[in-house]
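Please read the structure below before turning to the comments.
What follows draws every value from the coordinates through simple rules; no lab data is involved. Remember, it's a predicted structure, so these values are computed and weren't measured experimentally. Note that each Cβ is placed from the backbone with ideal geometry, even for glycine, and that neighbours are counted across all protein chains shown.
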Amino acid sequence: MSAVLTAYAPWAVAGAAVAGVMLVVLNDRRWLTVALVAQYLAAGWLVADVLGVGVAGAQILGGFLVAIIVWLTRRNLEVAHQAVPRGNDLMALRSFRWVVVLLVLFAGWGLGVRDWMGLPGLTSSGALGATFLMLLGLLQASLYRAPMRVVIGIISLLSGFGIAYAAVESSLAVIALLIIVHLGLALAGSYLTILQAAPAEGGVEG
Amino acid sequence: MSAPVIISLVSLMVFGLGIVLRHRPIASSMVTATGAMALALFALRAPIDQPTEIFGLAVKIGGSFQVLGRSLTLSAGNRAVVGFLFVVAGFVFGAGWAARPGAYFFPAGMVVVGTVVAALMISPFLYAAAFLEIAALAGVLLIAPPGQASIRGSERLLLFYTMAMLAILVTGWMLPSVGVTRATPELAARAIRLLALGFAVLILVPPFHIWLLDAIEESSPYAVVLLVGVLQSAGLFFMLRFLDNYEWLRTDLGLMADIRLVGAALVVIGGLFALAERSMARSVVYVLMGDLGVTLLAVSLNTPVGYQLALGLSAVRVIGLAVWGLGISLLQREQSDRKTAALAGRGLDTPIASAAALVGLASLSGLPMTAGFPARWGVMMALAGQAPGVALLVIASVMAEGLACVKWLRVLLSPAGPQPPRGHTRAEKAFLGLGISLVLSLGLFPQLVFPWVVQALSGLKNLLL
């Protein structure tokens, strides 16, 4: 099983990149949830040969919970989730976001193929996937003002880091802590989103 | 049963009670303050790993608890700091009902303190970074309560603390695994850069302080005070543990020079911006930055006295912050505008709250007769021998921050137009008076704090060599 996953790891890298791009560019609730699930699947695939399929599966399960939290929040507060990009109007243009994302992808490719992290045991596919997710996550966290989008960006950053870190540290304690952090981030994003929407929807009881 | 389990269970129980009582601020305040003080007493006094008798029953409280191959340990090395954090929490929770910082302040505050305590107890200590991230996640509830949420501050807090966690986790792997020493300068430089990023976030080095600027203006200052006080103290102790564990780090003269440079920069930036700011809350952020700069200068002395001064500054900082937070919260209770004009004349109709805000600010600035002065004076004296120019910078920053205090005193006493009468209850006045007395007492009798500092450092044996 592990050998098959390793052999097809480049597909997981492509999946991670596509999912990361969708998370930055798209704004539809369903597609965002799909992209988040795809990102967790790709990240799980890339760490499965190091951590084992079981532990990777637990990470993916945690990811599904995160996706459910995001989906439920967005479904209940659809109005509040029109993501507001930071900065000027240029950022609000989808075409501009595509340009920025493509630039980040090129930068990620350039960095990823050079093994810039220098972590022993990190495969070339792992390095590339991790770099894409970290850069796209940082981009998303800095591009948007809506709390859930910022949190999704942080989650992408953390997912990318998780791929790289798994190569050097396979302790169950760390993995458990990181899964808790993923879930905590999703809950924090959901809470902040509900708060932000509260004035428009009549307030939130304290 | 082990001490970490007892601390976790009691913290959870207090958290649960805080949730149940969240709409009854006085009850919630009393329960969480009592719980935190009981935990402080337990952390400081419980007989760990020694047979003892409780209600006629022979029991032995273990110091360690294993979870997923890692251990949480309460030992001589960390019990003073753990006890200190719970004392701070008890102090802040006890007066919290008066500040009205939001329904979730008490339970969320307990989670933050409990998680930071876990960060101090976890072994290997590098995993503390993940616990500090979880504390920051819980901190979102503190700085974003319904009705006065700092959304931007929360987003930035989450992003920065995540970055810090990642940087410290990677460094934590590099230091023992890759064999980073003085003999591997390239690896050492890489590890130090990552550590610097992590600690820059934890110690509020610009630009990582901007979450605090957002939060302290938009949210309840009292809640922000608890979050920043606890996270800061933990961050400093975490840094000292790094220095204690890695001999090549603390003997790296270049690193100590860099720490001194950053400390001096923070002192200058803090002093200048504190004076220039038009909002008292933002002014306090810069005073705090200057105080953290002095703490870094104390660390850069790289002597046992320097480390003691750094921890001493950290201890009195929390007290100054809490007293300021209580005063400003009561001043701002009925108003949304937090700029200069809104405070005009408040010193005349609410003198005790105004005095508390000013005394807290003066203590953070390190003015004489306040809790913040003795340790700052000690740092200046120690620096005078090694780097007189930097000592002069500290004096200049104290003067600039002192001028900021005078500026806010003038604002508070300036005549304002007709305002609705405002007053505080006797209990609120009593708490304000208690806070002011504490700050002034510690300024006159700093030896009240010093034994704790010595005990807290006793666990970091290498720093005392």
At q = 0.14 Å⁻¹, what log₁₀ I(q)/I(0) does the range B:145-257 have when each alpha carbon counts as one equal point scatterer in the Debye sum?
-0.62
Counting only Cα atoms, I'd like the Rg/Rh figure for the range A:2-197, Kirkwood definition for Rh.
0.96
How long are the three semi-axes of the equivalent ellipsoid of the range A:113-202, in whole Å, if each is the root of 5 times an eigenvalue of the C-alpha gyration tensor, listed from largest down?
30, 16, 6
Theoretical ellipticity at 222 nm over chain B - DSSP helices of four or more residues, -39500 (n - 2.57) apiece, nearest 500:
-24500 deg cm²/dmol
Inter-label distance, nm, simple model (7 Å from Cα along the C-beta direction), B:L57/A:W116
5.8
Where only alpha carbons of the range B:368-410 are counted, the Rg and the Dmax (Å):
11.6, 38
Within 10 Å of each candidate Cβ there may be at most 16 other Cβ atoms; applying that plus a DSSP loop requirement, which trypsin sites (Lys or Arg not before Pro) in the range B:220-310 survive?
B:R278
Note: the protein assembly as shown, point scatterers on Cα, Debye, no solvent; log10 I/I(0) at q = 0.05, 0.07, 0.09 Å⁻¹ equals -0.23, -0.45, -0.77
So what J values fall out for the range B:202-207 if you push phi through Karplus, 6.51 cos²θ - 1.76 cosθ + 1.60 with θ = phi - 60°, rounded to Hz, Gly and Pro as x?
5, 9, 6, 6, x, x
Using just the Cα positions, wrap the range B:197-247 in a convex hull and report its mean projected area in square nanometres, one decimal place.
3.6
Shielding by partners - mean other protein chain Cβ count within 10 Å, residues of A:140-149
2
Kindly provide the pair-distance distribution of the range B:401-465 built from C-alpha pairs, with 5 Å bins from 0 and whole-percent values in order of increasing distance.
4, 12, 9, 13, 17, 15, 9, 8, 6, 4, 2, 2, 0
Would you compute the Debye intensity of the range B:346-443 from its alpha-carbon atoms alone, equal scatterers and no solvent, and pass along log10 I(q)/I(0) at q = 0.13, 0.24 Å⁻¹ to two decimals?
-0.55, -1.18
Neighbouring Cβ atoms within 10 Å as the yardstick, rank B:V305, A:V37, B:V225 fewest first.
B:V305, A:V37, B:V225
As an exercise, find the ratio Rg/Rh for the range B:26-93 from alpha-carbon atoms, using the Kirkwood inverse-distance average for Rh.
1.05
Exposure proxy ranking, count of Cβ atoms within 10 Å, fewest first, for B:S441, B:S220, A:S95, B:S363:
A:S95, B:S441, B:S220, B:S363
Say each of A:F106 and B:D349 gets a label point 7 Å from the Cα, pointing the same way as Cα to Cβ; how far apart are those two points in nm?
6.1
Out of every Cα pair in chain B, what percent are spaced more than 38 Å from each other?
19
Restricting attention to the alpha-carbon atoms of the range B:87-211, what are Rg (one decimal) and Dmax (integer), both in Å?
16.9, 56
Counting Lys and Arg as +1 and Asp and Glu as -1 over every other residue whose Cβ sits under 15 Å from the Cβ of A:W116, the net charge comes to +1
Just checking the output field for B:70-78: average partner chain Cβ neighbours within 10 Å of each residue's Cβ?
1
Between B:F450 and B:L44, how high is the FRET efficiency from 1/(1 + (r/R0)^6) when r is the Cβ-Cβ distance and R₀ = 22 Å? Nearest 0.05.
0.90
Residues with amide H under 5 Å from that of B:G62, placed H, sequence gap 5 or more:
B:S2, B:A3, B:D49
Among B:M30, B:M174, B:M381, which comes first, second and so on when ranked by fewest other beta-carbon atoms within 10 Å?
B:M381, B:M30, B:M174
For the range B:290-401, state the average projected area of the convex hull of the C-alpha atoms over all orientations, rounded to one decimal in nm².
7.2
Cα-Cα pairs in the range B:252-465 separated by more than 33 Å, as a whole percent of all pairs, come to 18
Using only Cα atoms, tell me the angle between helix A:147-166 and the longest principal axis of chain A; keep it within 0 to 90° and round to the nearest 10.
10
